[in-house]
Amino acid sequence: MVSHGVDVKNYLLTLRFDGTNYHGWQVQKNAVSVQETLQNAVERILGIRENVIGCSRTDAQVHANMFCCNLRTEKEMPPQKLQTALNAVLPRDIAVTACREVPLAFHARYDCTGKTYRYCILNSAVRDPFYENRAYHIPRALDVALLNAQAQDFLGVHDFSAFCASKSEVEDKVREIRRADVQKNGDLVIFTTEGNGFLYHMVRIMVGTLLDIHDGVLEQDSIPAILESRDRTGAGVTAPPQGLYLDRVAYPPVYSK
């Protein structure tokens, strides 16, 4: 527990994790989370239980190629040594890829200026065991050009109420999307989107909507009208979580190496 009037260190930890075995980032009462697992590791190393602040929440079974969090503590340890020590005790599906000291005021969530997500679809007639729990398997052939063309309608500043799960308590649902494209890489069809922020289930609903347009469940070029409606029932299904990856997290240059 950090107290006032004592020299406090603030460490920025960068993680990668396979979310298959976790109920998302946030600590849960009756399920194992990435945050709890990391806090357990910190307690083993530093001898004190500290709160670790994440850049965002993630859903159960969602993965991260890059996830940032900050740890404020009175315990001092060289960042490289802390990284090595944490990796020695963390389970094999979580890794600390970088650790450095940042100003005490840094907050992993509130100082974040943008995130990039990837959604991976295994588009092959036969399932691949190596992508089990790491991609959404769709055996029917997908028209990538069509998906990419439809995805462009997400670009810009919009109210994304129609692309937010009903459980969300966030009032301001206006977000800026700076990138939205679909590309094919071998058997993988990858939807990539980058923006200043994302709502609960937003990326998964964006993907589900694209797939529903592709399959004729929704009309082509209907995304602008769905956005304008602000009605969740007009958008597509929520795509499964296992294909989703938090890919990049951005911060102001002052916090960059």
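Report yes if some residue within the stretch 222-244 is of a type in the set (V, I, T) and within 30 Å of D111 (Cα to Cα); otherwise report no.
yes
Is it true that R140 is in the same structural domain as V170 (by TED's automatic domain parsing) and more than 19 Å from L12 (Cα to Cα)?
Yes: the conditions hold for R140.
Return the pair list, or none, for Cβ contacts closer than 9 Å from residues in the stretch 12-30 that are more than 15 Å from R134 (Cα to Cα) to residues that are of a type in the set (F, W, Y) and not in a strand (DSSP E or B), at least 6 apart or on different chains.
So the pair list comes out as L12/F106; L12/Y251; L12/Y255.
Which of (1) surrounded by 14 or more Cβ atoms within 10 Å (Cβ to Cβ); (2) under 30 Å from N148 (Cβ atoms) is the odd one out, the single condition I94 does not satisfy?
Every listed condition holds for I94 apart from (2).
Name every residue in the stretch 43-63 that is more than 14 Å from the chain's Cα centre (by Cα) and under 14 Å from T14 (Cα atoms), in order of residue number.
V52, I53
Please work out which one of (1) at negative phi; (2) surrounded by fewer than 18 Cβ atoms within 10 Å (Cβ to Cβ) is the condition F17 fails and give its number.
(2)
Restrict the check to the stretch 189-197 and report whether at least one residue is surrounded by 17 or more Cβ atoms within 10 Å (Cβ to Cβ) and acidic (D, E).
Checking the stretch 189-197: at least one residue is surrounded by 17 or more Cβ atoms within 10 Å (Cβ to Cβ) and acidic (D, E).
Consider only pairs whose beta carbons are under 7 Å apart and that are at least six residues apart or on different chains; among these, list those whose first residue lies in the stretch 179-202 and is over 23 Å from V157 (Cα atoms) and whose second residue is hydroxyl-bearing (S, T, Y) and not in a strand (DSSP E or B).
Close Cβ pairs (under 7 Å, with a partner that is hydroxyl-bearing (S, T, Y) and not in a strand (DSSP E or B)) amount to D187/S124.
Could you please find all residues in the stretch 228-240 being touching a residue at least 24 places away in the same chain (Cβ under 8 Å) and either more than 22 Å from the chain's Cα centre (by Cα) or not in a helix (DSSP H, G or I) (or both)?
S229, R230, D231, G234, A235, G236, V237, T238, A239, P240
So, T192, is that one of a type in the set (S, T, Y) and either outside the structural domain of Y131 (by TED's automatic domain parsing) or more than 20 Å from the chain's Cα centre (by Cα) (or both) or not?
No: the conditions fail for T192.
Residues that are basic (K, R) and more than 18 Å from the chain's Cα centre (by Cα): does the stretch 64-79 have at least one?
yes
Quickly run through the stretch 209-225 and pick out the residues that are crowded, with 21+ Cβ neighbours inside 10 Å and within 13 Å of F154 (Cα to Cα).
Across the stretch 209-225, the qualifying residues are T209, L210, I223.
The values are calculated or read from the model by the stated rules, or taken from the named source; none is laboratory data. Computed from a predicted model, the values in this text were never measured in an experiment. Counting neighbours? That spans all protein chains shown, and the Cβs are built from the backbone with ideal geometry, glycine included.
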